[in-house]
Amino acid sequence: MSIKKIFITGATGYIGGAVADYLLKKNYEITALVRNAESAAKLDALGIKTVLGSLQDRPLLQAEALKSDAVIHTADADDTYPVAAFLEALKGTGKTFIHTSGSSLVADDARGQKSDFIYSEDFPLTPVFQKAERVVLNQTIQRAAKDNVRSIVIVPTMIYGEGTGIKKDSIQVPMLMALAKERKVGLHVEAGKNIWSNVHIQDLAELYWLALEKAPAGSYYYAENGEASLEDVATSISRKLGFGGKTESLPLEEAVRLWQFDAAAFGLASNSRVNADKARRMLGWQPKYHSITDNIEQGG
């Protein structure tokens, strides 16, 4: 099935914006779901068609899915409602549905300590209970292949780099950067020895394109091209801001007060180490960027 028309959610966000921009440059026709006229105007100016609505508007989601050759869902990794709507509409059509997850699904309750384990896509997951629903959602999407939906799950790691859409910044590094500016020191949660895999936003956008063109139904891909400890990330932030590489430990309880439990414990104090060789091997993905710490200090 030739793919030309794409319906995308989250196009005003960091991932969705970069993916939409990349696919526009590849001459796909993009229609984006937006919540208000202001967002619509911004995307219209970029050459992206828009439709006003929300992720809770099942009839709209299903109608747009059926009008398109493929749906790319980047708006929410955990909301089951829009996913169920899309899968129901696409059942039996052979059309493509790409869902954006996140690698905190392999996160542990490490509280800043290092783990040596690295996940591949085929290793069975036994997630912490806070992430169990995300794993079940991804598995449900993969099983939709049995209903003749070309379902694909992409699992980004810690994303960095300047976005090419409306939203320019990622989540984790800017959170740490903002607090470092305030306290005049780089910060990590607890010991900061915990490690996250990472991926540059431009490399990630390319992976979506390759998956759109090549991935078989029921596919699941991690997205990474390097890794770093959160202590190293804090050191690079400190250098970037002119604090000489000085860092300090932030107690988990304080991090929870600042960012809530999920972001603190599983976004900054956990290990999330994965291997993306499957995407390299199956899709021919060749990411160009490999150092989040260099990017923080030098930009780009």
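No lab work stands behind these numbers, since they all come straight from the coordinates. In this text, all values refer to a predicted model and were calculated from it rather than measured experimentally. With ideal geometry, Cβ positions are generated from the backbone for all residues, glycine too; neighbour counts draw on all protein chains shown.
Please grab the % of Cα pairs in the range 186-229 that end up more than 14 Å from each other. Percentage above 14 Å: 61.
Of the residues A110, A18, A178, the one that moves most in a GNM of the chain with alpha-carbon contacts below 10 Å is A178.
Would the range 1-144 count as rounded, prolate or oblate if I go by the C-alpha gyration tensor, calling it rounded below 1.5 in a/c and otherwise prolate when a/b exceeds b/c, oblate otherwise?
Taking the square roots of the gyration eigenvalues as a ≥ b ≥ c, the range 1-144 is prolate.
Among the listed values (i) 19.6; (ii) 18.8; (iii) 21.6, the one computed from these coordinates for Kirkwood radius over Cα pairs in Å is (i).
Counting only helical runs of four or more DSSP H residues, what would the 222 nm mean residue ellipticity of the chain come to if each run contributes -39,500 (n - 2.57) and the total is spread over all its residues?
On the way: 11 runs with 113 residues, N = 300.
Counting only the DSSP helices, I get -11000 deg cm²/dmol.
Compared with the alpha-carbon gap, the fully stretched path from K168 to F117 is longer by 15.2 nm at 0.36 nm per residue.
Between the alpha-carbon centres of the range 155-171 and the range 20-70 there is a gap of 19 Å.
Using equal-weight Cα scatterers in the Debye expression, the normalised intensity of the range 1-56 in log10 at q = 0.20 Å⁻¹ is -0.64.
Across the options V71, S236, N27, the greatest Cα extent toward the positive end of the charge dipole of the chain (unit charges at beta carbon of Lys, Arg, Asp, Glu) belongs to N27. Computed over the chain with a Gaussian network model linking Cα atoms closer than 10 Å, the most mobile of G16, G186, G244 is G244. The GNM of the chain, with springs linking C-alpha atoms under 10 angstrom apart, assigns the highest mean-square fluctuation among R183, R239, R280 to R183. Charged neighbours of S115, selected by a Cβ distance under 10 Å, balance to +1 (K, R count +1; D, E count -1).
The string of couplings for the range 275-286 from the Karplus curve (6.51, -1.76, 1.60, θ = phi - 60°) is 10, 9, 4, 4, 5, 5, 6, 7, 10, x, 5, 10 Hz, one whole number per residue in order, with x for Gly and Pro. Cβ-to-Cβ counts within 10 Å put T126, T157, T140 in ascending order as T126, T140, T157, the fewest first. Distant-in-sequence amide contacts of A223, defined by a placed amide H-H separation under 5 Å and a gap of 5 or more residues or a different chain, comprise V155, T157.
Placing unit charges on each Cβ (+1 for Lys and Arg, -1 for Asp and Glu) gives the chain a dipole about its Cα centre, and among N271, N198, M177 the Cα reaching farthest toward its positive end belongs to N198.
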